[in-house]
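To start, the structure itself, in structure tokens.
What follows is calculated from the coordinates using simple rules that are stated; it is not laboratory data. Keep in mind that what you see is a predicted model, and the values were worked out from it rather than measured. A quick note on method: Cβ atoms are made from the backbone with ideal geometry, for glycine too, and the neighbour counts reach across all protein chains shown.
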Protein chains: 2
Amino acid sequence: MCQLLGMNANIPTDVMFSFAGLARRAEEHKDGFGIAFFEGKGLRLFVDPHSARESALAEWIQRYPIRSEVVIAHIRKATQGRVVLENTHPFQRELWGRYWVAAHNGNLVGYAPNLHGAFRPVGDTDSERAFCWVMQELAKAHCQVPSLTELTLTLRELLPVIARHGTFNFLLSNGQALWAFATTRLHSLERRHPFGMTHLADADVSVDFSAHTNPSDRVALIATEPLTTGEAWQALPSGELSLWVGGERVA
Amino acid sequence: MCQLLGMNANIPTDVMFSFAGLARRAEEHKDGFGIAFFEGKGLRLFVDPHSARESALAEWIQRYPIRSEVVIAHIRKATQGRVVLENTHPFQRELWGRYWVAAHNGNLVGYAPNLHGAFRPVGDTDSERAFCWVMQELAKAHCQVPSLTELTLTLRELLPVIARHGTFNFLLSNGQALWAFATTRLHSLERRHPFGMTHLADADVSVDFSAHTNPSDRVALIATEPLTTGEAWQALPSGELSLWVGGERVA
């Protein structure tokens with residue numbers, strides 16, 4: 001199994017604090033990490049097949065503020081697929097002139113979708129197969145770029161089909177929105193005015209967000225387990241798809 | 001215009017020395033940089049819309065030895081397209097279960113290829129349009145993954161079609177091989193035993209490769225202008241496609 005982190009905000013926001021909390025959990029989830037930052041339509045994707053606790057890249061990411069509207073991060077504990085770079089989440093593809101990124105926590109047993117379209121896995125994980133199938137089916141369902149509402153309706157049909165094969169906690173983004181589908185373990189939190197002092201659950205680290213924010217800022221976080229103490233994390237209902245845009249949950 | 005750097009080796013090799021030389025040239029080429037490292041089928045792609053001379057990411061890359069069989073790097077001086085992340089080379093797509101990466105030096109005037117397939121540009125550069133067209137036409141020419149010889153024959157037909165529109169110095173890789181197409185300025189060098197002392201052309205920096213290599217190592221470098229002094233860089237002939245595999249030029 002693995003752990004996931006997603007962030008969506010209404011202004012470019014760094015995730016150094018949250019990623020530091022996630023990276024502390026990499027002792028058990030040591031088989032690589034990755035983090036994708038959307039900046040408008042542009043994308044930075046960092047992947048490393050080493051533990052986020054020991055990786056020089058992870059250390060750099062925790063010190064360097066990359067401001068982004070959407071982030072998807074993942075620390076891996078391999079269930080299927082070798083510990084190599086091409087099996088490290090998040091995965092990236094292009095569709096309709098937008099980059100798409102996805103990461104998965106869970107295990108899909110005997111999952112071998114019919115991949116007859118333009119999206120083929122590079123590695124050998126169940127997770128990348130699932131992502132390629134989602135991209136293929138989105139491309140088949142819409143001949144050109146649909147609205148976020150239409151995309152969400154299509155995803156609401158597709159993702160439960162994958163979830164029949166096992167545990168499927170899944171984060172997906174094209175930079176415009178962040179989708180989360182939970183089968184077992186995903187929690188979400190919305191931070192907004194008034195901002196205050198926040199403490200990591202996994203380390204003796206605190207930050208006073210009131211010093212770094214404006215009253216209009218809105219930030220949504222999605223994580224396998226709550227990353228902080230004293231904040232109102234909510235479990236996402238099993239089998240449901242949620243959507244965040246501009247730091248707000250809209251579906 | 002921009003500057004390009006390519007590397008292909010028969011064992012995983014770092015490019016810290018060569019990338020340091022390229023980054024020195026970023027005073028003029030200040031509109032972003034990127035560097036792609038293949039590790040087997042896996043890919044790390046770092047892009048930054050800031051100058052490689054000032055970027056904290058570029059500084060980190062020059063200090064941290066990422067060992068790779070194929071590298072493509074680019075420093076940008078924008079001719080078409082805004083200075084934003086999505087216009088920063090190299091560009092990445094997936095085809096036949098392999099990542100493909102490309103970077104371009106030059107300027108294609110009035111270049112608007114018919115992009116009717118599965119590859120659409122995310123940004124607004126001539127370079128990404130050219131890359132998407134190459135990917136589309138490769139996918140049309142071969143129903144499944146062809147041999148490197150077949151791929152090279154197809155690329156030899158496709159790339160001159162793009163070059164009719166202007167300056168087109170182009171590096172392309174899928175991790176198995178490195179292709180270079182020159183219209184005006186690309187130089188190549190093959191380093192092999194006996195290795196010796198080498199000096200950067202752009203900085204008072206030297207390295208003794210004999211201390212870091214084995215006699216069987218072979219490394220090929222491709223660059224817009226020779227990166228070192230005292231080595232036998234050769235200009236690539238205009239209008240020709242070259243191919244390196246395992247650090248050796250094979251076509």
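Table for the structure above
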{"read-out": "Long pairs among A:41/B:140; A:41/A:77; A:140/B:30; B:41/B:77; A:30/A:140; A:77/B:140, criterion Cα-Cα beyond 32 Å", "value": "A:140/B:30; A:30/A:140; A:77/B:140"}
{"read-out": "Alpha carbon centroid spacing (whole Å) that separates region A:90-113 from region B:140-174", "value": "28"}
{"read-out": "Per-bin percent of Cα-Cα distances, region B:166-251 [10 Å]", "value": "17, 44, 32, 6, 0"}
{"read-out": "Binned Cα-Cα distance frequencies in region A:82-191 - 10 Å width, integer %", "value": "13, 50, 32, 5, 0"}
{"read-out": "Shielding by partners - mean other protein chain Cβ count within 10 Å, residues of A:38-47", "value": "6"}
{"read-out": "In Hz, Karplus ³J(HN,Hα) per residue of region A:102-116 (6.51, -1.76, 1.60; θ = phi - 60°; x = Gly, Pro)", "value": "9, 9, 9, 10, x, 7, 9, 8, x, 8, 9, x, 7, 9, 10"}
{"read-out": "Alpha-carbon gyration tensor eigenvalues x 5, square-rooted, for the protein assembly as shown, Å", "value": "38, 26, 21"}
{"read-out": "For chain B, built as a Gaussian network whose Cα springs stay under 10 Å, the top-fluctuating residue of B:184, B:213, B:167", "value": "B:213"}
{"read-out": "Integer Hz, Karplus 6.51/-1.76/1.60 couplings in order for region B:132-143, x for Gly and Pro", "value": "4, 5, 4, 4, 4, 6, 4, 4, 6, 6, 9, 6"}
{"read-out": "Cα-projected label distance for residue A:164 with residue A:248, points at 7 Å along beta-carbon direction, nm", "value": "3.7"}
{"read-out": "Of A:86, A:190, A:94, the one that fluctuates the most in a GNM where chain A has Cα springs shorter than 10 Å", "value": "A:94"}
{"read-out": "Net +/- balance of residues flanking residue B:160 in space, Cβ distance below 14 Å, scoring K and R +1, D and E -1", "value": "-1"}
{"read-out": "Computed label-point distance, nm, for sites residue A:214 and residue A:96 using a 7 Å Cα→Cβ extension", "value": "3.0"}
{"read-out": "Hull volume in cubic angstrom per residue (convex hull over the Cα atoms of chain A)", "value": "110"}
{"read-out": "Dimensionless Rg/Rh of region A:155-204 - Kirkwood Rh, Rg from C-alpha atoms", "value": "1.11"}
